[in-house]
Every structure is written in structure tokens, then in C-alpha cells.
Amino acid sequence: MPSNIAGQGHIIEAELLGTVKKEKYERSDHPNVEAYLDFGQSIDLVKRTQPSENPTLPEAPFAADLRRAVSKKLASLPNNFAYDPKNLEYYTAVKSHLDQWHSIDAFLEYLDRQTGKKTRALIDLTIDPTKSIDPAFAGQIVLILAPGDGLDKQIEGDRIIWNKLIEEASDEIVQQLLQGQEIK
């Protein structure tokens, strides 16, 4: 992808999904995103460097709307009487090792209180319509294709696209969370 598209993509990722907290990241054991960090370590680091202390309340409006839509869909499932919104957590990974090395921009984790199973849905937001998923993560990543000029929920045309992206992505995320492999 040309660097100008990549640069614009990083800006849009940050605006829509939020970013890890730079100060926390710089004080971590692995502050340099240019140095490789494996997937598990990257997940752990992202969790420790969130902008919000509460993973059920994403700061970025798009991320908050996305989490809210997923939560509503999980709550409306038949026989999901034990659903608790506190068991659905959102984590941004923008500007982290997870983003740099594993192409994951955010993820949600869900603990099903009925089964005790915890699952994760991975998100990659892109403005590149030709982007494909790394075969290692096929069927595990929800790819969100955002417009290259960004989205402003206050603008009517953008709001329509915003809502469509939320609706489509939340459907895929719910499926990932319900059918995904259990994580520890």
C-alpha cells in the first residue's frame, strides 16, 4: 500500500478505534513498536496500555458505538439470560505491537457466564479495498473497510456509512465471539 494511503489509514484507525495510551506504552517493558513482540505478549501489553481504565467504556465514539451494538446483539440472543454487559470488553491496539506486527487494530473479549467460555474477536480497520487477511488469521479477523477520507457521525452521509459499518461489523463480531476458540 502506498505510504500516503498507509499514513491516512493510521489517522482514520486512531479516530475511529482510539489508540493505546502513549505514556503507558512508553513506560512498559516493550516501548519500541519497531521491535517484534509475539501475539500473546502484544495482547497483554495492549490490555495494560488502554486509554480508559474501564474496557467496557471505549473513548472513541465509533468504538463505543461498535461495542454497544455488539452488546445489544449478545443481550438479545435467545436463552442468553446470564448476559452481563460488563463481560464484553473492548481494547484498542492502534499504534501498538499488535497493530504493527500482527495487523490487529482492536479486539473485543467476551466471557459467556453460562458456559464460562471466554472468546475474542479481532478487528482490522482499513481504507484499502484490496487488503486481504493474513492466512494465519483467516476466519478470525473482522475486516472493516472505512472510507479514505474518514467519517464524521455529525454529517448525515457519513452517519449512514457509520451506522452501516457498525451494523455489519457487529454482526461479524458476535459470530466470532460465539463461535471463536476459547482463550485463557
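The values are calculated or read from the model by the stated rules, or taken from the named source; none is laboratory data. Just so we're clear, the structure is a prediction, and the values are computed from it rather than from any experiment. All Cβ positions, glycine included, derive from the backbone under ideal geometry; neighbour counts span all protein chains shown.
Quick one: in the range 94-116, of everything that is modelled with pLDDT under 90 and of a type in the set (D, E, K, R), which residue is surrounded by the most Cβ atoms within 10 Å (Cβ to Cβ)? Don't jump to the end; show me each part of the working.
Going residue by residue through the range 94-116, those that are modelled with pLDDT under 90 are 112-116.
Checking the rest, the ones that are also of a type in the set (D, E, K, R) come to 112-113.
Working: D112: 18, R113: 14.
Among them, the one singled out is D112.
Residues that are closer than 25 Å to K184 by Cβ, touching a helix residue (DSSP H, G or I) at 6+ places or on another chain (Cβ under 6 Å) and at pLDDT 95 or above: find the helices (runs of 4 or more DSSP H) completely inside the range 1-72 holding 2 or more of those.
Values: elements: 3-17, 22-26, 39-48.
In the range 1-72, the matching helices (runs of 4 or more DSSP H) lie at 39-48.
If the Cβ limit is 7 Å and pairs must be 6+ apart or interchain, which residue in the range 165-184 that is within 21 Å of E13 (Cα to Cα) and modelled with pLDDT under 95 pairs with which residue that is of a type in the set (S, T, Y) and crowded, with 16+ Cβ neighbours inside 10 Å?
Cβ pairs passing all conditions: none.
Are any residues in the range 95-151 assigned to a loop (DSSP other than H, G, I, E, B) and more than 18 Å from H10 (Cα to Cα), and if so, which ones?
Here is the first cut: in the range 95-151, the residues assigned to a loop (DSSP other than H, G, I, E, B) are 95-96, 103-105, 112-117, 127-134, 138-140, 146-151.
D112, R113, Q114, T115, G116, K117, D134, A138, G139, Q140, listed by residue number.
Only one of (1) buried (at least 24 other Cβ atoms within 10 Å of the Cβ); (2) modelled with pLDDT under 95; (3) among the aromatic types (F, W, Y) is not met by Y83, so which one is it?
(1)
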